Amino acid sequence: MSNTGTPKDSESAPRVLQFPDVSDRNAWRAGSALHVAYLITHGDMSRLRAGYAYLDPGQTVSFSFEERPPEDSTFRHVGYLDEVYFITAGEAELRWKDAVLPVRAGQMAYLSRGERYRLTNVGHERVELAWASVWFTPR
C-alpha cells in the first residue's frame, strides 16, 4: 500500500488535532485559574501555538502580551504575540484598558500583541475556548 500523503517529518504538513476531553484531568495544566491543554506548542510548528482551555464560573485570568513583562505582577506575561479565542461554551468579559467586551459561545475574540487583558467568566457555566497564537519578534 503506498502512502500518498505528506511526509511525517514535514513541519508544513496539514494536521487534524482532537480537542482534549474537558473531563480528562491529565490533559490540563493549571498555572492559574485558566486550565490549558496544548495542542500545538511553540516548537512544534514555527511561531504557532494552539490549545483548548477552560475557566470556571467567577474566575478571572490576566495576560500581558507586551514585549517585556509588566511591573504589575497580577498579569501573567505570555509573550509578544497575537491571540485568537474561539468561545465554545459559556460567557465571559474581556477587559483591556478601560473597555469591556462581552463574549459568549459561538463568538471569536482577537487579542493583539502589546496589550494587557483580563478574561472573567461571568456566567454560571464553565467557559471553554479554543485558542491560537502567533509569536512575533519585536522590532
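A compact table of results
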quantity	calculated
The stretch 46-106 - Rg (one decimal) and Dmax (whole number), Cα, Å	12.8, 35
Under 5 Å, built H, 5+ apart or other chain: amide partners of Q107	I87
For E66, distant residues with modelled amide H under 5 Å away	V78, G79, G114, E115
Whole-Hz couplings from phi, Karplus 6.51/-1.76/1.60, listed for the stretch 86-95; x for Gly and Pro	10, 6, 9, 7, x, 9, 8, 10, 9, 10
Karplus 3J(HN,Hα) series, Hz, for the stretch 55-71 with 6.51 cos²θ - 1.76 cosθ + 1.60 (x for Gly, Pro)	9, 6, x, x, 8, 10, 10, 10, 10, 10, 9, 7, 4, 10, x, x, 6
Net charge dipole size for the stretch 35-110 [Lys, Arg +1 and Asp, Glu -1 on Cβ; Debye, nearest 20]	160 debye
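Every read-out reported here was derived from the displayed coordinates using simple, explicitly stated rules and does not represent laboratory data. Owing to the predicted nature of the structure, the values given are computational and were not obtained by experimental measurement. Reconstructed Cβ throughout: ideal geometry from the backbone, glycine too, with neighbour counts over all protein chains shown.
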